[in-house]
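Everything below concerns the one structure shown next.
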Amino acid sequence: MQILVNTILLMCVWWVQCQVNKFEEVFSWNIVDFQYASVAAREKAIKNRHFIRENNQPLGLEVWRNKLFVTFPPWRPGTVATLTYIDLEKANTKSPKFIPYPNWETHDLRNTTKGNKLANVIRLHVDICDRLWVADRGIINILTTRDKIHDAKIVGYDLKTDRVFKQHSLPDDAINVNSFFGNILADVSGNDCSKTHVYVPDLRANAIFVYSIELNRIWRVEHHYFHFDPLSGDYLVGDTTFQWTDGVIGVSLSRPRPDGYRLLYFTPMSSSRLYSVSTKVLQDYTVDWSAWNNTALFHQFQVVGYRGQFMQSTTSTIDENTGVLFYTLLCQDAIACWNSQSEYNMNTQGIVAQDSKRFSYTNDVKVDKNGMIWALSDRLHEYLFNKMNYSEINFRIFRIPVMAAIQGTVCEKGFLQSQDVMWK
């Protein structure tokens, strides 16, 4: 009953605040394809079942200059490349083919002794130093045989050269068999690229890994707030009901505060609460996170607020210019917003997009350097639990300027928040 009420309320928000769906649909696919060197190479890959077209499911995205990066987690056999891109300047079709990044060799897992291989990338992040960061679990065929290709690792690419500039393996004793790196976020201190910390949430092990470039060291942070909420493990997406116990996944950074550090906003996937912690706490590698009686440390983590039942989110991103946080709403087929200058409650959440077809399972959302929001929807629930219908559009990529998205919503600067638009 509650999910129905929330859906009706959100539909009211959609009517009051959005009136029309303002997002531009840039690309769409019924089923994806890849840019092989030749027709013969593609046919050979299909014949050898190295390319099983229907098993390739996009998930994460990021934008840098003319490159639109898209990830393909290796859920099932026949996933061609886990990290790809589209050249935005050369794309001359609504459904362009994906190009493996940085090259085909990186994704040829038949010979793992040659080159820096990538096996399993979920989401990715471009920092202010023009570097692309990915967390690679090293496992393929996630839903079937779970084959290990290499150790889990964090990889950084210099986007100006398309070369690996940093790679660091995660120690085996820090991860477990179910570890799943659902996101990654790089934090550059004071615009000094050498002083970068990378945060990698592990949604199955309820932890966040912190990697320091300067120290070339990685450590694991644990906290109760990284766990899922038992009352938020039930999902209804479209007509599909399922139960998940996924922990921390959505991570985003505030503007720098007076002390030079930022707030890391985070949320478990199976939760409707937003939490925060100063990056000063996360960057202290001397902390004993296994201690059970460190009350002062425990309370460094804060509950920001509650957004309502059945408001689970896959990820979030912040626009530093406005301080507005954008996040997906899985069960509502929507993208929402919150102005970080306001309190976090059900009255201060806005809807910037909602459509049961076009935004069905919106899996990633990013804000690029030009103030453009990008989002990807992929009907992952159909892929995981049902059967995809490849005679219709399944995957979409959208964009909209930040200011156009928040116009007329509670997230817009100067909006009268006492109107209680979200839940009126």
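Laboratory data are not the source of any read-out in this text; all were calculated from the coordinates shown. Bear in mind that the values here come from a model prediction, so they are computed numbers and not experimental data. Note: ideal-geometry Cβ built from the backbone for every residue, glycine included; neighbour counts use all protein chains shown.
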Completion exercise
With the charge dipole of the chain built from beta-carbon charges (+1 for Lys and Arg, -1 for Asp and Glu) about the Cα centre, the Cα from Y85, F359, V134 projecting farthest to the positive end belongs to Y85
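With +1 on the Cβ of every Lys and Arg and -1 on the Cβ of every Asp and Glu, and nothing else charged, how large is the dipole of the chain about its Cα centre, in debye rounded to the nearest 20? Mind dumping the intermediate values first?
Numbers: 44 positive and 43 negative charges, 184 e Å.
It comes to approximately 880 debye.
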Exercise for the section: Describe numerically, in nm with one decimal, the distance between label points set 7 Å from Cα along Cα→Cβ at N103 and at D151. Expected result: 2.5
Exercise for the section: Would you list the P(r) distribution for the chain, with all Cα-Cα distances sorted into 20 Å bins from 0 and each bin expressed as a whole %? Expected result: 27, 61, 12, 0
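Taking 45 Å as R0, compute the FRET efficiency from the Cβ-Cβ separation of R53 and Q243 and round it to 0.05.
Details: r = 30 Å, r/R0 = 0.66.
Efficiency, from the Cβ-Cβ distance: 0.90.
Seen from all sides and averaged, what is the projected area of the convex hull of the Cα atoms in the stretch 182-245, in nm²? Let's see the in-between values first.
Numbers: hull surface 23.8 nm².
Seen from a random direction, the Cα hull of the stretch 182-245 projects 5.9 nm² on average.
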Handout entry: Mean residue ellipticity (222 nm) of the chain, computed from DSSP H runs ≥ 4 via -39,500 (n - 2.57), nearest 500
Key = -2500 deg cm²/dmol
Exercise for the section: Going by C-beta contacts inside 10 Å, put T196, T113 in order with the fewest on the left. Expected result: T113, T196
Fill in the blank from the handout: Relative contact order in percent for the chain (Cα pairs under 8 Å, 6+ apart) equals 15
Handout entry: When each of K357/K387; K44/K97; K67/K148; K94/K166; K114/K166 is checked by Cα-Cα distance, pairs over 23 Å
Key = K67/K148; K94/K166
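Could you calculate the FRET efficiency of E343 with D33 from 1/(1 + (r/R0)^6), where r is the beta carbon distance between them and R0 is 56 Å, rounded to 0.05? Working shown, then result.
Numbers: r = 47 Å, r/R0 = 0.83.
For R0 = 56 Å, the calculated efficiency reads 0.75.
Express in nm, to one decimal, how much length is gained between V281 and E25 on full extension, taking 0.36 nm for each residue of separation and deducting their alpha carbon distance. All intermediate terms of the calculation are to be shown ahead of the outcome.
On the way: separation 256, 0.36 × 256 = 92.16 nm, distance 3.99 nm.
That pair, V281 and E25, stretches by 88.2 nm at full extension.
Note the full-extension length gain between Y390 and N116 as 0.36 nm times their separation in residues minus their Cα-Cα distance, in nm to one decimal.
Numbers: separation 274, 0.36 × 274 = 98.64 nm, distance 3.35 nm.
Extending this stretch completely gives an extra 95.3 nm.
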Practice task
Mind pulling up the Rg/Rh value for the stretch 290-371? Radius of gyration and Kirkwood radius, both on Cα.
Solution key: 1.06
Completion exercise
Expressed as a whole-number percentage, the relative contact order of the stretch 52-109 with C-alpha contacts under 8 angstrom and at least six residues apart is 27
Fill in the blank from the handout: Connecting every pair of Cα atoms under 10 Å apart in the chain and solving the GNM, the largest mean-square fluctuation among H299, H168, H107 falls on H299
Exercise for the section: Evaluate the Debye formula for the stretch 325-409 with equal point scatterers sitting on the alpha carbons, no solvent, and hand back log10 of I(q)/I(0) at q = 0.10, 0.11, 0.21, 0.27 Å⁻¹, in q order, two decimals. Expected result: -0.27, -0.32, -0.98, -1.37
Handout entry: Footprinting exposure proxy for D33, D378, D192, D173 (fewest neighbouring C-beta atoms within 10 Å first)
Key = D173, D192, D33, D378
Problem - Tail weight of P(r) past 14 Å, computed on alpha-carbon pairs of the stretch 265-337, percent - result: 67
